[in-house]
Amino acid sequence: MKRQLVFWLALVCAEMHAQHNPLRSQYLLDPVAINPGSAGIKGFLSATTSYRRQWIGIPGAPETFSFAVQTPLRKKSFNCGLLFSNDKLAVTRRTELSFIYAYRIFAKKFSFAAGVSPGIIMEQNRWNEIITTDAGDEAFSGGIQNNILPSMGYGIFLHSKRFVFSASGRQLIPAPEWRKQPFVIYSGYMMGDPKGITMTISALTRMVISGSLQADANILVEFKNRLGIGASYRLNESVSGLLTFQANEQLQFGYSYDLILSGLRNYSSGSHEIHLCYDFGYRVEAKSPRNF
């Protein structure tokens with residue numbers, strides 16, 4: 001059965017990589033990994049890293065590591081950053097490095113930004129690692145295939161003290177059919193007093209115009225900007241528990257566990273995701289320098 005699953009993952013993940021956009025449970029903690037328009041939103045230099053291990057127990061299941069750094073420039077409307085990610089799915093290894101640039105317009109009660117993230121993707125397919133039921137199957141006897149692809153991310157980001165709206169996407173160059181490229185839209189609203197208890201409600205939709213749709217609904221309750229406890233539901237796929245801890249004004253930890261609801265629950269014990277963020281400065285006049 002495991003051999004059949006590895007073969008199945010190899011085929012499915014090839015399509016997933018063609019529409020590359022790794023799933024995340026903690027997107028509100030690391031928005032720049034999804035939308036370049038969010039770069040510099042905190043107003044100071046910030047670095048984040050995350051690791052996601054999906055579908056524990058299934059050989060060849062997805063693993064994602066990412067690291068991002070972002071900062072506003074001397075003119076606060078100009079923001080930049082770098083994003084590095086490494087993905088493993090079955091026999092495919094994928095490394096991406098992107099430069100991020102965002103221009104932000106400030107209004108009295110909100111800001112609006114548009115951003116781009118040109119980058120390069122290095123992809124490696126190790127076809128000789130596929131295990132088949134027929135020994136010596138010539139269809140999978142090839143060696144290692146390497147591809148280098150330019151890419152372009154783009155997004156808009158609307159932000160206030162209590163509300164956020166994000167819309168973003170990523171396109172390979174040369175561009176395949178646009179209807180097959182994923183778009184991600186999410187929005188969130190925070191209620192309560194940051195000095196006491198707050199509750200943030202958010203929703204995310206990841207869609208491909210040609211057919212597929214994924215949707216998340218989330219809630220996060222935070223106590224004095226120190227401890228956060230939340231839950232998430234991914235349509236027909238999983239339910240998640242989320243824990244965040246603000247060690248001090250600059251260091252934040254996050255952890256989430258996904259319990260699988262789909263047919264894969266018979267083969268996997270779930271998915272884990274770890275998040276770490278360090279802010280190199282913070283604005284003492286803000287009620288909460290890290291909300292949204």
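Restricting attention to the stretch 23-60 and to residues that are charged (D, E, K, R) and either within 21 Å of S98 (Cα to Cα) or buried (at least 21 other Cβ atoms within 10 Å of the Cβ) (or both), the residue that is modelled with the lowest pLDDT turns out to be R24.
Residues in the stretch 242-273 that are charged (D, E, K, R) and touching a residue at least 24 places away in the same chain (Cβ under 8 Å) were compared, and the one that is surrounded by the fewest Cβ atoms within 10 Å (Cβ to Cβ) is E249.
If we scan the stretch 221-230, do we find a residue that is under 22 Å from the mean Cα position of the chain (by Cα), among the basic types (K, R) and modelled with pLDDT under 95? Checked the stretch 221-230: no residue is under 22 Å from the mean Cα position of the chain (by Cα), among the basic types (K, R) and modelled with pLDDT under 95.
Could you count how many residues in the stretch 150-165 are over 15 Å from K42 (Cβ atoms) and either surrounded by fewer than 16 Cβ atoms within 10 Å (Cβ to Cβ) or touching a residue at least 40 places away in the same chain (Cβ under 8 Å) (or both)? Number of matching residues: 9. Being among the small types (G, A, S) and over 26 Å from L45 (Cβ atoms): is that true of S256 here? When the stated conditions are applied, S256 does not pass them.
If you go through the stretch 82-98 and pick out every residue that is under 16 Å from the mean Cα position of the chain (by Cα) and either of a type in the set (V, I, T) or within 20 Å of F157 (Cα to Cα) (or both), you end up with 4. If the condition is being surrounded by fewer than 22 Cβ atoms within 10 Å (Cβ to Cβ) and assigned to a loop (DSSP other than H, G, I, E, B), then the stretch 77-99 contributes only S77. Annotation note: of A102, A113, A68, the sole residue that is surrounded by 22 or more Cβ atoms within 10 Å (Cβ to Cβ), touching a Leu at 6+ places or on another chain (Cβ under 6 Å) and part of a strand (DSSP E or B) is A68. Just so you know, in the stretch 239-281 the residues that are among the polar types (S, T, N, Q), part of a strand (DSSP E or B) and over 16 Å from the mean Cα position of the chain (by Cα) include one that is farthest from P62 (Cα to Cα), and it is Q246. Farther than 21 Å from F65 by Cα, at pLDDT 90 or above, surrounded by fewer than 17 Cβ atoms within 10 Å (Cβ to Cβ) and among the polar types (S, T, N, Q), is that true of S212? Criteria not met by S212.
The values are calculated or read from the model by the stated rules, or taken from the named source; none is laboratory data. Bear in mind that the values here come from a model prediction, so they are computed numbers and not experimental data. Backbone-built Cβ (ideal geometry, glycine too); neighbour counts: all protein chains shown.
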